[in-house]
Amino acid sequence: VVLVVDFGAQYAQLIARRVREARVYSEIVPSTMPVAEMLAKNPRAIILSGGPSSVYAEGAPRLDRAIFEAGVPVFGMCYGFQLMATTLGGTVDNTGAREYGRTPLHVSKPGSTLFEGTPDEQSVWMSHGDACSAAPEGFTVTASTDVVPVAAFENDEKKLYGVQHHPEVMHSTYGQQVLEHFLYRGAGIEPSWTTGNVIEEQVEAIRAQVGTKRAICGLSGGVDSAVAAALVQKAIGSQLTCVYVDHGLMRKGETEQVEKDFVAATGVQLKVVDAQERFLKALAGVSDPEEKRKIIGREFIRVFEQAQADIVAEAEHGEDVAFLVQGTLYPDVVESGGGTGTANIKSHHNVGGLPEDLEFELVEPLRKLFKDEVRMVGQELGLPDEIVQRQPFPGPGLGIRIVGEVTRERLDLLREADAIAREELTAAGLDRDIWQCPVVLLADVRSVGVQGDGRTYGHPIVLRPVSSEDAMTADWTRMPYDVLAKISTRITNEVADVNRVVLDVTSKPPGTIEWE
Ligand code: XMP
C-alpha cells in the first residue's frame, strides 16, 4: 500500500486516485495519525498531500521527523513539500510571493528521478504563499520557477522527494509522469494493482466476514448498490437476498432492468416489493417539495424494514440473517472521517417485527473504491452497461420531477417524455458528456398551443441537461440544437397532453440540478 497523508485539502483524494491510475494501491490517512501507526501498515511509499495552511501558521499540522528516517520513500507535494523542507533543515520563507494557477516550471534534469524524460520547461499547477529558498542538506534542487528558487528537490539515496506544485491535477501537464517516476523508480514499486485484484480480495473478505450466515441487500437500481450486491453474490451466492422496493417513481424500464437484466447477470435471489399503491396514496394531495421528499423517505424505510423482517421470519434460523450489504464508497468513508478505520458499525433495526435485539452487521465491499473503480468492477463482474454506466438519479425518483402533486397519470406521462429524451441523448452519443439530464413535468402549468387544426391547452416539459464533476456545482450543457429539436418534436408529438418543451439554462448555483 501507498499511504497518502491528508493535510486537510481536497487534493488527497485526487492523489489517491492518481496513484491507483498508476496501478498502485493507495489509501488515505489523516495527518493526525501517529507516524508509528502509519509505519505499522508497512507502506511501500508515503505521499504527503497539499494543505490549506502555511507551515508557519499557528496549529499548522506537523509530522514527526521519524517519517523521513524509516527508510520508506516519501514524496511531498505543496504543503507536504514545505513540511519536508522545514523538518529536514531547509528554509521556507514567508516571502509574500504567491503563485496561483498555471505556472511555468524550469526543470534541471541531471540527477533527477522525478523529471527524467519530461521537458525542461513545463506547465504546472501551483497554489502556495510560502516559498522554499534552500533545500535540506543532501538534496539536489531539480526545479525552480520565476519566483521560487527551490520548486523541487530530490534525495535519491534517502528516497525522499518533493515538489512545490500539484502533480495530481490535470493542469500539471507531466504530473502523472512525475508521480509514476516517484512510484516506479523512486520507490521501486511494480504497477500491479487492478480492479481484478479488488474482486478477488473482496470475495475472500466477504466470505470470511459472513461465514455461513445470511445477508440482505437493498437494490436501488443505481450503480453502487448493484455492484456491491454483485460482489457479495459472487462471494456467498444463495446466502444473499436482495430487496428492491418498487415505489412506482422509477423511470421507464428501470424496474425491469433490475428484475431481469441484473438477475440474469448475477443470479441473485431478488425480492421485489410492489409498493406503488402505497406511495401514491401517501403522496396524494401533496405538492410541497420537502413534504414529498419526507414522505417518500419515510415510506421507503418502512417498506424496506418490513421486507427485511419478512426475510428474517421466512428464514429457517432467523437469527442467521445477520448482515446488511451497503454500497458505501471510499469518498464517503474519507469524508466521514473514517480514513482506513475498520470500526464495526452496527445498524439497529427493531421496527416492523424484527426481534428486538437483532442487529445487522454491515458488509461494505466498496469502501475502498472510487466511483470510476466501482464502474470497472461492475463491468468486470459482467453487469449490463445500462446499470454500470448509469447517470445519477435521485432516490425520490420522478416524485421530485413532477412540480405539483404526484399522480399515476402524471408519472406515466413523465416516464414517456423522459424515455424519449434519454433515447435521443444516447442516440446522439451524449451520455458521457452530460452529467445527467433531469426531465421535469410542470404539472400545474398549462399553456396554449396548436396541434393539427385545434387549440391545445397542455403541460410544459423542462429539459435540464447539466455538466458537472461532483454535482456540487454544475453548468447547463450547451447541447447541439438539432438534438434538442428532435427531443422537442418527439415529445410534443408522442406524449399526449404535452404541447411545449423548454430548456433550463441555469447553472448551479443559483439553481439546483433537480427542480425540487
Ligand atoms: P441538486 O438538485 O441538489 O442535486 O443540485 C445534486 C445531485 O443529487 C441528486 N439528488 C439526490 N440523490 N437522493 C439522492 O440519492 C435525493 O434525495 C436527491 N436529491 C438530489 C441529483 O440528482 C443530483 O445528481
Name the pairs: first residue in segment 438-449 and more than 21 Å from residue 505 (Cβ to Cβ), second residue at pLDDT 95 or above and among the hydroxyl-bearing types (Ser, Thr, Tyr), Cβ to Cβ under 6 Å, at least 6 apart or on different chains?
446/457; 448/457; 449/456
Taking residue 354, is it at pLDDT 95 or above and surrounded by 19 or more Cβ atoms within 10 Å (Cβ to Cβ)?
no
Residue set 36, 85, 12, 60; condition assigned by TED's automatic domain parsing to the domain that holds residue 155, over 19 Å from residue 135 (Cα atoms) and modelled with pLDDT of 95 or more; output residue 36
Tabulated pairs, segment 459-473, first assigned by TED's automatic domain parsing to the domain that holds residue 496 and over 16 Å from residue 400 (Cβ atoms), second more than 12 Å from the ligand (Cβ to nearest atom) and of a type in the set (Lys, Arg), C-beta under 8 angstrom, 6+ apart or interchain
459/446; 459/500; 460/500
What do you reckon, is residue 237 out of contact with any Gly (no Cβ under 7 Å at 6 or more places or on another chain) and either buried (at least 16 other Cβ atoms within 10 Å of the Cβ) or in a helix (DSSP H, G or I) (or both)?
yes
Looking at segment 377-413, which of the residues that are away from the ligand (no atom under 15 Å from the Cβ) and under 19 Å from residue 515 (Cα atoms) is surrounded by the most Cβ atoms within 10 Å (Cβ to Cβ)?
411
Step by step: first the residues of segment 48-95, then only those that are of a type in the set (A, V, I, L, M, F, W, C) and assigned to a loop (DSSP other than H, G, I, E, B), then the one that is farthest from residue 144 (Cα to Cα). Which residue is that?
70
Strands (runs of 3 or more DSSP E) within segment 110-226 that include 2 or more residues within 21 Å of residue 368 (Cα to Cα)
214-219
Filter segment 123-145 for residues that are free of Cβ contacts under 8 Å to residues at least 40 places away in the same chain and surrounded by fewer than 21 Cβ atoms within 10 Å (Cβ to Cβ); the one that is farthest from residue 109 (Cα to Cα) is 138
Looking only at segment 99-106, decide whether some residue is among the basic types (Lys, Arg), modelled with pLDDT of 95 or more and under 35 Å from the mean Cα position of the chain (by Cα).
no
Within segment 479-503, track down each residue that is exposed (fewer than 14 other Cβ atoms within 10 Å of the Cβ), touching a residue at least 40 places away in the same chain (Cβ under 8 Å) and within 15 Å of residue 430 (Cα to Cα).
480
Among what's in segment 287-313 and is among the β-branched types (Val, Ile, Thr) and crowded, with 16+ Cβ neighbours inside 10 Å, pick the residue that is farthest from residue 227 (Cα to Cα).
295
When residue 429 is evaluated against the numbered criteria (1) out of contact with any strand residue (DSSP E or B) (no Cβ under 9 Å at 6 or more places or on another chain); (2) assigned by TED's automatic domain parsing to the domain that holds residue 474; (3) within 28 Å of residue 458 (Cα to Cα); (4) of a type outside the set (Lys, Arg), which criterion, by number, is the only one it fails?
(3)
Tell me which strands (runs of 3 or more DSSP E) are completely within segment 422-516 and hold 2 or more residues being within 16 Å of the ligand (Cβ to nearest atom), or say none if there are none.
439-442, 454-463
Taking the residues in segment 203-232 that are surrounded by 17 or more Cβ atoms within 10 Å (Cβ to Cβ) and among the hydroxyl-bearing types (Ser, Thr, Tyr) as candidates, determine which candidate is nearest to the ligand (Cβ to nearest atom).
220
Scanning segment 314-351 for residues that are assigned to a helix (DSSP H, G or I) and surrounded by fewer than 18 Cβ atoms within 10 Å (Cβ to Cβ), the one modelled with the lowest pLDDT turns out to be 335
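The values are calculated or read from the model by the stated rules, or taken from the named source; none is laboratory data. Being a predicted model, the structure only gives us computed values, none of them experimental. Backbone-built Cβ (ideal geometry, glycine too); neighbour counts: all protein chains shown.
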